[in-house]
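The values are calculated or read from the model by the stated rules, or taken from the named source; none is laboratory data. The structure displayed is predicted, hence computed values, not measured ones. Here the Cβ positions follow ideal geometry from the backbone for every residue, glycine too, while neighbour counts run over all protein chains shown.
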């Protein structure tokens, strides 16, 4: 009982001493490949890998309410397109409010990449051009939007730093 009370006391005192608030560890983060942070929309979400098998990405990643990084698309430390997806009611639902020039951060164990939004577009649901790997280091996020459409945000990488 004394140990429990001491732990409770430490949890309540640490924020006052350090400025860092206690928050329980999100077990989802342990399996993530990175972190997405969009300050203007208060989005701060772990990113999970969605494997491509037999021509289909593992939809269970975004079906379970997560941000998915699509296999066979670039990652933040490459000169290719990093593609992230989620459902309309998932963690990326507020990307529809992003504006040209808004800043997006993606980090992993080694790097922090900074992106600037360069376009937002509504596309036909069958249009997979957001996954194309041309055009240099960029990032695309897409969600379903309306009937048979998807909303896509594209951003160019403006910096990458190791940490």
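Applying the condition of being over 22 Å from residue 103 (Cα atoms) and part of a strand (DSSP E or B) to segment 113-143 and asking which residue is farthest from the chain's Cα centre (by Cα) yields 124. Scanning segment 111-146 for residues that are out of contact with any strand residue (DSSP E or B) (no Cβ under 6 Å at 6 or more places or on another chain), surrounded by fewer than 14 Cβ atoms within 10 Å (Cβ to Cβ) and more than 14 Å from residue 81 (Cβ to Cβ) gives 124, 126, 146. Of all residues in segment 35-48, exactly one satisfies the criterion of being touching a helix residue (DSSP H, G or I) at 6+ places or on another chain (Cβ under 9 Å), free of Cβ contacts under 8 Å to residues at least 24 places away in the same chain and either closer than 12 Å to residue 85 by Cβ or surrounded by fewer than 16 Cβ atoms within 10 Å (Cβ to Cβ) (or both), namely 48.
Just give me the residues in segment 93-112 being part of a loop (DSSP other than H, G, I, E, B) and in contact with a helix residue (DSSP H, G or I) (Cβ under 9 Å, 6 or more places away or on another chain), in sequence order. If you could, list the steps in order and put the result at the bottom.
Step one: filter segment 93-112 for residues part of a loop (DSSP other than H, G, I, E, B), giving 98-102, 108-110.
Correct list: 98, 99, 102.
Hey, among 136, 74, which residue is touching a residue at least 40 places away in the same chain (Cβ under 8 Å) and at positive phi? It would help to see each step written out before you state the result.
On the way: 74 fails: at positive phi.
Only one candidate passes the filter, namely 136.
Regarding segment 59-70, can at least one residue be identified that is at pLDDT 95 or above, within 17 Å of residue 104 (Cα to Cα) and assigned to a helix (DSSP H, G or I)? No: zero hits.
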